[in-house]
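Structure, as structure tokens:
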Amino acid sequence: RETMIHEQILIGGDRNYCYIIGCETSKFGAIIDPAYDPKRLEKRLAELGLELKYVILTHGHYDHTNGKDYFKDKYSVPVVAHSSSALHPDKPVNHKDVLPLGNLEVTFLATPGHTEDAICILVEEKLYTGDTLFVGKVGGTGFGEDAQQEYHSLSEILMKLPDSVEVYPGHNYGIQPTSTIGHEKKTNPFILCATFEDFLHLKMNWAQYKVDHGIA
């Protein structure tokens, strides 16, 4: 297996995470959800000796994308996002599309719900979940079709991945910065919902649930 470079960086905003990933052999790298402090990310790329190949967006919200133009303009690298994204990505991707990053394979999973263009990114055993799945929580939606889409994305796509897959969310909203699919299956109250109706009920009553269960 290729040795993978991986860094989780708390970058600003509302506890936003950004990620630098790379192939140890080729030194080709990518940034996932660059925001708030592009110069800090640029410095880290240089320290890691990585040549930037892609800027990847898990979804189009400003708090995950506001640094993308800095890298696109300075490094002439393509912005990768879901084909439905209003940001008109240079490299649009769809469900199960794969991009090479040196000897690594970057697989995209379409996970609509929080937004229509939401994707999760699987590299080796690491899953970058954006605002679809947090540690112990899930991304915000309304109570209509978007909630239904999110329930499907979680139950039929993400929870079908091996338990050993590591979860790296778009915000530091959980009790720890990372998790695994197996851990979320056992402990995430939203994932433990047996039906969509239960899932929706929890979404609608989440504030009370948090009080009752002492969740921050």
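The values are calculated or read from the model by the stated rules, or taken from the named source; none is laboratory data. Please read all numbers here as calculations on a predicted model, not as lab measurements. Don't worry about glycine lacking a Cβ; one is built from the backbone with ideal geometry, like all the others, and counts go over all protein chains shown.
For Thr107, only one of the following conditions fails: (1) touching a residue at least 40 places away in the same chain (Cβ under 8 Å); (2) surrounded by fewer than 22 Cβ atoms within 10 Å (Cβ to Cβ). What is its number? The failed condition is (1).
For Pro100, the conditions (1) touching a residue at least 24 places away in the same chain (Cβ under 8 Å); (2) of a type outside the set (Lys, Arg); (3) outside any loop (DSSP other than H, G, I, E, B); (4) surrounded by fewer than 20 Cβ atoms within 10 Å (Cβ to Cβ) are fulfilled apart from (1).
For the range 156-166, residues that are free of Cβ contacts under 8 Å to residues at least 40 places away in the same chain and either over 20 Å from Ala118 (Cβ atoms) or surrounded by fewer than 17 Cβ atoms within 10 Å (Cβ to Cβ) (or both) total 6. Given (1) out of contact with any Phe, Trp or Tyr (no Cβ under 7 Å at 6 or more places or on another chain); (2) farther than 18 Å from Gly139 by Cβ, where does Leu52 come up short, assuming only one miss? So Leu52 meets the others, but not (1).
Applying the condition of being crowded, with 16+ Cβ neighbours inside 10 Å and of a type in the set (A, V, I, L, M) to the range 63-86 and asking which residue is nearest to His114 (Cα to Cα) yields Ala81. Listed here are the helices (runs of 4 or more DSSP H) enclosed by the range 27-79 that have at least 2 residues being in contact with a Leu (Cβ under 9 Å, 6 or more places away or on another chain) and free of Cβ contacts under 8 Å to residues at least 60 places away in the same chain: 38-48, 68-75.
Pairs are defined by a Cβ separation below 6 Å, a sequence spacing of at least 6 or placement on different chains, a first member in the range 121-136 that is closer than 20 Å to Ala35 by Cβ, and a second member that is modelled with pLDDT of 95 or more and charged (D, E, K, R); the pairs so defined are Lys126/Glu166. In this structure, does Tyr128 turn out to be touching a Cys at 6+ places or on another chain (Cβ under 7 Å), of a type in the set (Phe, Trp, Tyr) and not in a loop (DSSP other than H, G, I, E, B)? Yes: the conditions hold for Tyr128.
Within the range 13-22, is there a residue that is aromatic (Phe, Trp, Tyr), in contact with a strand residue (DSSP E or B) (Cβ under 7 Å, 6 or more places away or on another chain) and part of a loop (DSSP other than H, G, I, E, B)? No; the residues of the range 13-22 include none that is aromatic (Phe, Trp, Tyr), in contact with a strand residue (DSSP E or B) (Cβ under 7 Å, 6 or more places away or on another chain) and part of a loop (DSSP other than H, G, I, E, B).
For (1) closer than 22 Å to Ile20 by Cα; (2) under 13 Å from the mean Cα position of the chain (by Cα), each residue gets a yes or a no:
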{"residue": "Met159", "(1), (2)": "no, no"}
{"residue": "Glu166", "(1), (2)": "yes, yes"}
{"residue": "Gly174", "(1), (2)": "yes, no"}
{"residue": "Thr178", "(1), (2)": "yes, yes"}
{"residue": "Gly182", "(1), (2)": "no, no"}
{"residue": "Thr187", "(1), (2)": "no, no"}
{"residue": "Leu192", "(1), (2)": "no, no"}
{"residue": "Leu200", "(1), (2)": "no, no"}
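Gly113 satisfies every condition listed in (1) in contact with a Ser or Thr (Cβ under 6 Å, 6 or more places away or on another chain); (2) part of a strand (DSSP E or B) except (2).
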